[in-house]
Amino acid sequence: MLDATQFIIHLQSLIDNPFKKRFLLAVSGGVDSCVMAYLFHHHGLDFDVAHCNFHLRGEESDQDMEFLKNIPYLKDVSLFIKEFDTIALQQDSGKSVEMVARDLRYEWFQELGKEYDYIATAHHADDNAETIFLNLTRGTGLKGMTGIPSINGKIIRPLLPFPAEDILAFAAQHHIEFRIDQSNYSELFRRNKIRWQIIPKLKEINPNLIPTFTRNIGLFNAQYRFYEQKLQILKTGLLLKKDNEYLIPIQQLIDSGHSELLLHEILTDFNFHSDTIQNIVNKLHTIPGKKFTSGTHILIKDRKYLIISEIKTTNPLYIIIDHLSDLENLGFSVETLDYKEDLQFQSDPNTIYIDKNKVQFPLILRNWQEGDYFYPYGMKGKKKVSDLFTDEKIAIPHKHRIPLLCMEDEIVWIVGYKADRRFAIKSGETTQYYVIRRIAE
């Protein structure tokens, strides 16, 4: 049951002497964050408030913002407001609107929170249960069953043990006004489907579902900590360092009886994907010589060991291009042409057509780096360059020799393979364009 005493007891269990700390509260205007702010005010804690306006609900978003400016228990605290053009930022991001908003929110909180000891969000027990179900639908290991952490660095969640119905009851008892976000009822979002379809059905089986889940999550966390301790001991015994390489004894791995689990835990640290790791597991009993790559590391199955080494690029390419003539000196031809509506593109991976007005010098010609991504022409969303190399079945040594034409951090062209659509010619927009051809490798 949520009351002021239970709240402060829980907060004191999370951090030492909260009355000597400064807090930044993330307040949306909904019931959860308003109750959290009220409780911080009630106990005389030192706090300020941060509010994000994502402009996703028209006038309602602005009304939330104005509502916070007139809350009596916030009149003596600083209210920081940040407005985002979320839809514009979401386009071509390859992420859902929810994920973009989440990233924007936490990035701003971390920046603003440098002056504070802790940043508090109003996640509660129902949010935690929903997160478990979401993780299960996506596919998860034991870590995904531990839910939302009560404290993660500077982020704390002081309402996490309390169910949503207790928070609503507290708001009613203390006449705490709040705003209702209608998008929380839209079943277009996966979390809302779980909230309004799945959980009510499960509550028919167990009316105390949320308290039960809260206890289970506590148990899952204890089990996961125990698992991590034991796992670290096994990993230490299996992963051997020799000069610039890591060795995993194959027979010792097999004898452990947990070869698949242990390889997943070890190799994810070297950026190997799950499907590649499964392939390595399947090849443990085969003849030696098989090679696997993660983009940053190469794994070779030898007779007795799996040998992991970092991929190092020899003679790294990094050329600054201040003028078009610089490209022409590097084995490319460049033309500047006026746009015409009847323009016909030549289908050639060694030729790129880009809008002149979208290009700013200097350009850079460089090698691929781990984490590089681009927005492929003719496709939606973004794609890792390493995934393109995998699709094209490019050998490990060759992928490090493929040049990337870039503008600052943005990839314009993976030379000989794919162009980035952000620089594409568009009817009604483009007036002049460049045709760049690679004429020599």
Query - Qualifying residue in segment 332-345 (condition: within 14 Å of Ile402 (Cα to Cα) and either surrounded by fewer than 13 Cβ atoms within 10 Å (Cβ to Cβ) or at pLDDT 80 or above (or both)) - result: no
Report task. Can you confirm whether segment 123-137 contains a residue that is closer than 23 Å to Asp16 by Cα, in contact (Cβ under 8 Å) with a residue 60 or more places away in the chain, surrounded by 13 or more Cβ atoms within 10 Å (Cβ to Cβ) and among the acidic types (Asp, Glu)? Result -> no
Query raised in the report: If you check every pair at least six apart or on different chains, which have Cβ atoms under 6 Å apart with a residue in segment 220-233 that is more than 14 Å from His258 (Cα to Cα) first and a residue that is of a type in the set (Ser, Thr, Tyr) and part of a helix (DSSP H, G or I) second?
Result: Phe220/Thr146; Asn221/Thr146; Tyr224/Thr146
Query - Residue check for Asn357: outside any strand (DSSP E or B) and in the same structural domain as Lys393 (by TED's automatic domain parsing) - result: yes
Query raised in the report: What are the residues in segment 403-441 that are within 25 Å of Asp342 (Cβ to Cβ), surrounded by fewer than 20 Cβ atoms within 10 Å (Cβ to Cβ) and among the acidic types (Asp, Glu), if any?
Result: Glu429
Query raised in the report: Looking at Ile155, Ile151, Ile81, which one is touching a strand residue (DSSP E or B) at 6+ places or on another chain (Cβ under 7 Å), closer than 30 Å to Phe220 by Cα and not small (Gly, Ala, Ser)?
Result: Ile155
Requested in this report: Look at Ser325 and say whether it is free of Cβ contacts under 8 Å to residues at least 12 places away in the same chain, within 30 Å of Val435 (Cβ to Cβ) and either in contact with a helix residue (DSSP H, G or I) (Cβ under 6 Å, 6 or more places away or on another chain) or not acidic (Asp, Glu) (or both).
Outcome: yes
Query - Matching residues, segment 411-436, being in contact with a Cys (Cβ under 9 Å, 6 or more places away or on another chain) and either not aliphatic (A, V, I, L, M) or not assigned by TED's automatic domain parsing to the domain that holds Phe361 (or both) - result: Trp413
Query raised in the report: In segment 211-250, which residues are part of a helix (DSSP H, G or I) and among the β-branched types (Val, Ile, Thr)?
Result: Thr212, Thr214, Ile217, Ile233, Thr236, Ile250
Query - Only listed residue being modelled with pLDDT of 80 or more and closer than 16 Å to Glu370 by Cβ, chosen from Leu299, Leu263, Leu284, Leu306 - result: Leu299
Report summary line: Scanning segment 128-162 residue by residue, those polar (S, T, N, Q), outside any helix (DSSP H, G or I) and under 19 Å from Arg195 (Cβ atoms) turn out to be Thr140
**Report entry** Filter result (of a type in the set (S, T, N, Q) and in contact with a Leu (Cβ under 8 Å, 6 or more places away or on another chain)) within segment 342-385
**Finding:** Asn367
**Report entry** Subset of segment 106-122 (residues that are of a type outside the set (Ser, Thr, Tyr) and surrounded by fewer than 19 Cβ atoms within 10 Å (Cβ to Cβ))
**Finding:** Glu107, Trp108, Gln110, Glu111, Leu112, Lys114, Glu115, Asp117
Report summary line: Filtering segment 192-210 down to residues that are farther than 15 Å from Ala164 by Cα, part of a helix (DSSP H, G or I) and either at pLDDT below 90 or out of contact with any Leu (no Cβ under 7 Å at 6 or more places or on another chain) (or both) yields Lys193, Gln197, Ile198, Lys201, Glu204, Ile205
**Report entry** Search result, residues across segment 116-127 that are among the hydrophobic types (A, V, I, L, M, F, W, C) and either assigned to a strand (DSSP E or B) or farther than 20 Å from Ser28 by Cα (or both)
**Finding:** Ile119, Ala120
Report summary line: Scanning segment 357-402 residue by residue, the ones that are farther than 27 Å from Gln90 by Cβ and in contact with a Pro (Cβ under 6 Å, 6 or more places away or on another chain) total 2
Query raised in the report: Is there a residue being under 27 Å from Arg366 (Cβ atoms), aliphatic (A, V, I, L, M), outside the structural domain of Phe389 (by TED's automatic domain parsing) and in a strand (DSSP E or B) anywhere in segment 332-344?
Result: no
**Report entry** Given (1) more than 19 Å from the chain's Cα centre (by Cα); (2) under 17 Å from Leu25 (Cα atoms), number of the condition Trp108 does not satisfy
**Finding:** (1)
Query raised in the report: In segment 10-54, how many are surrounded by fewer than 16 Cβ atoms within 10 Å (Cβ to Cβ) and of a type in the set (Phe, Trp, Tyr)?
Result: 1
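The values are calculated or read from the model by the stated rules, or taken from the named source; none is laboratory data. This structure is a prediction, so every number in the text was calculated from the model and none was measured. In this analysis, Cβ positions are derived from the backbone assuming ideal geometry, glycine residues included, and neighbour counts consider all displayed protein chains.
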